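Down below is the structure, laid out as structure tokens.
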Amino acid sequence: MSIRLEQKIKDFAYSQGVDVVGIAGPERLDGPPSLDPTYTMKGARSIISLILPMDVQAIYDFLGKKTPIPHWLDQVKKNQQMHRTCEFLAGYIRSLGYKAEAVPPNSSYRRNPYIYAVQPSFAHRFGAIVSGIAGQGWSGNVMNDRYGASIYIGTVVTDAVLESDPIRHSPRHFMDGF
Ligand code: B12
């Protein structure tokens, strides 16, 4: 039996050390401008959303005023790892005959006449929600079952029409349940 494209994509991401991966197809991407994958790549129809956990002890050390450095280093390391993984995953999808691009985890903004505007090329938080791997939290950040809100998110866009993963929780799951 041949392996489905969605499963191949997930298996590749798992092989890169990312254990939370979700997929959203075209019907999930009809939303606010920052959920539009075609800003990143013309013809994009689906997205793959990935999650890496933060080093939680480093957050305790930061908030406990012990030292901020481990959290800063973790942030740099995980963003780089996420960017690299998304670039590799996009390359893998291209090797299967589709178009694909990685969205940078951070510092990628839409062109705007106001030079300090921070409207992202793609909102990773919206992407994680519509891919079924995260839900809205009170802080504005999104939360995942396994890692809570202490996560970094990455996104790959592709012109492949992929089947969406199920949305497991109601929109208020983390707001009412935590
Ligand atoms: C701009 C930005 C910042 C700016 C914020 C400036 C500002 N005043 O808004 C600054 C530099 C301050 C910042 C800081 C941090 N950021 Co930041 N940031 C971004 C960035 C680049 C764009 C976010 C954005 O504006 N999106 C546009 C809006 C329209 O969409 P959105 O906010 O993503 O969508 C959500 C909200 O709009 C929300 N929402 C809309 N309406 C309403 C109404 C209510 C009531 C509620 C509750 C929510 C809500 O729903 C959407 C889905 O969650 C993203 C990367 C990206 N490209 O997505 C990272 C990102 C959001 N940041 C992230 C992180 C981790 C951080 C930090 C924790 C980093 C750190 N270690 O210090 C801090 C702290 C943030 C905090 N206090 O919560 C993560 C969030 C992970 C998560 N768990 O959600 C992201 C996704 C980066 C990543 N690749 O993982 N960030």
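Nothing in this text is a laboratory measurement; each read-out follows from the coordinates by a stated rule. As the structure is a prediction and not an experimental result, all values here were calculated from the model. Glycine also receives a Cβ, built like all others from the backbone with ideal geometry; neighbour counts cover every protein chain displayed.
Below, the figures for the structure above:
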{"quantity": "Exposed-loop-free span, longest in the chain, where trypsin sites (Lys or Arg not before Pro) count as exposed if DSSP calls them loop and at most 12 other C-beta atoms lie within 10 Å", "calculated": "67-110"}
{"quantity": "Shape call, region 8-126: gyration tensor on alpha carbons, a/c limit 1.5", "calculated": "oblate"}
{"quantity": "The chain, helix-only ellipticity at 222 nm - DSSP H runs n ≥ 4, -39,500 (n - 2.57), divided by all residues, nearest 500", "calculated": "-10000 deg cm²/dmol"}
{"quantity": "The chain: DSSP helices with Cα axial extent of at least 18 Å and average Kyte-Doolittle hydropathy no lower than -1.0", "calculated": "69-95"}
{"quantity": "In sequence order, calculated HN-Hα J values of region 102-108 (Karplus, 6.51, -1.76, 1.60; Hz; x Gly/Pro)", "calculated": "8, 8, x, x, 8, 6, 10"}
{"quantity": "Exposure proxy ranking, count of Cβ atoms within 10 Å, fewest first, for E163, E87", "calculated": "E163, E87"}
{"quantity": "Note, ³J(HN,Hα) from phi for region 112-121, Karplus 6.51, -1.76, 1.60, rounded to Hz, x at Gly and Pro", "calculated": "8, x, 8, 5, 8, 5, 10, 8, x, 4"}
{"quantity": "Two-site FRET efficiency, D145 against S108, from Cβ-Cβ distance with R₀ of 35 Å, rounded to 0.05", "calculated": "0.80"}
{"quantity": "Pairwise label distance in nanometres, S15 with L63, each label 7 Å out on the Cα-Cβ vector", "calculated": "3.8"}
{"quantity": "Y109 long-range amide H proximity, modeled H, under 5 Å", "calculated": "S121"}
{"quantity": "Distant-in-sequence amide H partners of R45 (H built 1.01 Å from N, under 5 Å)", "calculated": "T158, D159, A160"}
{"quantity": "Footprinting exposure proxy for S121, S15 (fewest neighbouring C-beta atoms within 10 Å first)", "calculated": "S15, S121"}
{"quantity": "Cβ-defined net charge surrounding A117, 13 Å radius [Lys, Arg +1; Asp, Glu -1]", "calculated": "+2"}
{"quantity": "Computed magnitude of the charge dipole of region 1-144 (debye, nearest 20; Cβ of K, R +1, Cβ of D, E -1)", "calculated": "260"}
{"quantity": "Sparsely packed chymotrypsin sites (Phe, Trp or Tyr not before Pro) within region 72-145, loop by DSSP, other Cβ within 10 Å at most 12", "calculated": "Y114, Y116, W138"}
{"quantity": "Around N106: net Lys/Arg minus Asp/Glu count, Cβ-Cβ under 15 Å", "calculated": "+3"}
{"quantity": "Percentage relative contact order, region 62-178, counting C-alpha pairs under 8 Å, at least six apart", "calculated": "27"}
